[in-house]
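Visitor: Sharing a structure with you now.
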Amino acid sequence: MADDRTLAYAEALFNVARAEGTLTEVEDELFRFSQTLQGSDELREALTDPAIPVARRQQIVEDLLGGKASSTTVALVSLVVGTGRGHDLPGIIRQLVEMSAAEANKAVAEVRTAVPLNQDQRDRLAKALGQATGRDVALKVVIDPSVMGGVIAEVGDTVIDGTVRTRLERLRKAL
């Protein structure tokens, strides 16, 4: 049942963003917001705590995203938080990202790296992942300092670990 609700919310958000012609922008902003939400226990608790009035939770969204994200993104996150589904936001956003990629006939590749990638690096990585998986991919880059060097890419159920840590472990085992 929760999966049905998550999917229904994702479809609704997807349809609003598509109808407004801002799907790519909204999808990217929502993905980044989801990463922030998952990385902050304090924010997650503030947006999901039923003891905090709905208006206050929505104001937190406005304060956090206002001026940094499109009005559509702010309104959509505020709507989900306002209906008490804040704890479902990461799943809703994940579904929306997958829908957006599917509409573009691509697979989502979540890439974790220690540093931001420039456009040339993104293009080369997308091409390499496309060749490795046999599908066009839409990159979603997550900055993760624990990676230290290299990248970890997840495309569906496939994980490609090109981190320095993994390479050193393989070398150690080979010796």
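The values are calculated or read from the model by the stated rules, or taken from the named source; none is laboratory data. Everything quoted here is computed from the prediction, not taken from an experiment. Positions of Cβ are generated from backbone atoms using ideal geometry, with glycine treated the same way; all protein chains shown enter the neighbour counts. Please note that ligands, DNA and RNA were not included when accessible areas were found on the heavy atoms of the full protein model with its side chains. Shrake-Rupley method; radii C 1.70, N 1.55, O 1.52, S 1.80 Å.
Visitor: Not counting ligands, DNA or RNA, and with a 1.4 Å probe, what is residue 151's accessible surface area in Å² rounded to the nearest 10?
Guide: 40
Visitor: What number comes out for the charge environment of residue 36, summing +1 per Lys or Arg and -1 per Asp or Glu over other residues with Cβ under 14 Å away? Provide the component values of the computation, followed by the final result.
Guide: Values: positive: 32, 44, 68, 140; negative: 28, 29, 41, 42, 45, 63, 144.
With Lys, Arg at +1 and Asp, Glu at -1, the net is -3.
Visitor: Normalised by the number of residues in the chain, what is the relative contact order in percent for Cα pairs under 8 Å and 6+ residues apart? Please list the in-between numbers first.
Guide: Values: 204 pairs, mean separation 34.3, N = 175.
With pairs under 8 Å counted, the relative contact order is 20 percent.
Visitor: In terms of the Cα gyration tensor, with a ≥ b ≥ c the square roots of its eigenvalues, is the stretch 84-145 rounded because a/c is under 1.5, prolate because a/b exceeds b/c, or oblate? Can you show the working numbers first?
Guide: On the way: a/c = 2.86, a/b = 1.36, b/c = 2.10.
Oblate shape, in that a/c is at least 1.5 and b/c is the bigger or equal ratio.
Visitor: Rounded if a/c is under 1.5, else prolate if a/b is larger than b/c, else oblate: which is the stretch 111-175, with a ≥ b ≥ c the root eigenvalues of its Cα gyration tensor? Please list the in-between numbers first.
Guide: Values: a/c = 2.13, a/b = 1.40, b/c = 1.51.
Oblate.
Visitor: Report the Cα centroid-to-centroid distance between the stretch 3-33 and the stretch 153-175 in angstrom, as an integer.
Guide: What the calculation gives is 33 Å, centre to centre.
Visitor: Could you order 127, 173 so the one with the most accessible surface comes first? Probe is 1.4 Å.
Guide: Numbers: 127 135, 173 175 Å².
My answer, sorted largest first, is 173, 127.
Visitor: Quick check on the chain: helices-only [θ] at 222 nm, where DSSP H runs of length 4 and up contribute -39,500 (n - 2.57) each and the sum goes over total residues. Nearest 500, please. Don't skip to the answer; put the middle values down first.
Guide: On the way: 8 runs with 108 residues, N = 175.
Value at 222 nm, helices only, nearest 500: -19500 deg cm²/dmol.
Visitor: Tell me the relative contact order for the stretch 107-162 as a rounded percent, counting alpha carbon contacts under 8 Å between residues six or more apart. All intermediate terms of the calculation are to be shown ahead of the outcome.
Guide: Working: 93 pairs, mean separation 28.2, N = 56.
Contact order relative to length: 50 percent.
Visitor: Pop out the ³J(HN,Hα) list for the stretch 124-141 in order, Karplus 6.51 cos²θ - 1.76 cosθ + 1.60 with θ = phi - 60°, rounded to Hz; leave Gly and Pro as x.
Guide: 5, 5, 4, 5, 5, 5, x, 5, 5, 9, x, 9, 5, 10, 9, 7, 10, 8
Visitor: Using a Cα distance threshold of under 24 Å, what count of lysine pairs results for the chain when pairs must be 8 or more residues apart or interchain?
Guide: Numbers: 68/140; 106/127; 106/140; 127/140.
Lysine pairs meeting both conditions in the chain amount to 4.
Visitor: Counting other C-beta atoms within 10 Å, and keeping those with at most 12, which DSSP coil GluC sites (Glu not before Pro) do you find in the stretch 74-163? Display every interim value, and only then the final one.
Guide: Values: sites: 98, 103, 110, 154; in loops: none.
Listed in order of number, the matching sites amount to none.
Visitor: Could you rank 40, 78 by how accessible they are, 1.4 Å probe, largest area first?
Guide: On the way: 40 35, 78 15 Å².
Ranked list, largest accessible area first: 40, 78.
Visitor: Would you check the accessible area of residue 18, probe 1.4 Å, heavy atoms only, in square angstrom rounded to 10?
Guide: Rounded to the nearest 10, that gives 110 Å².
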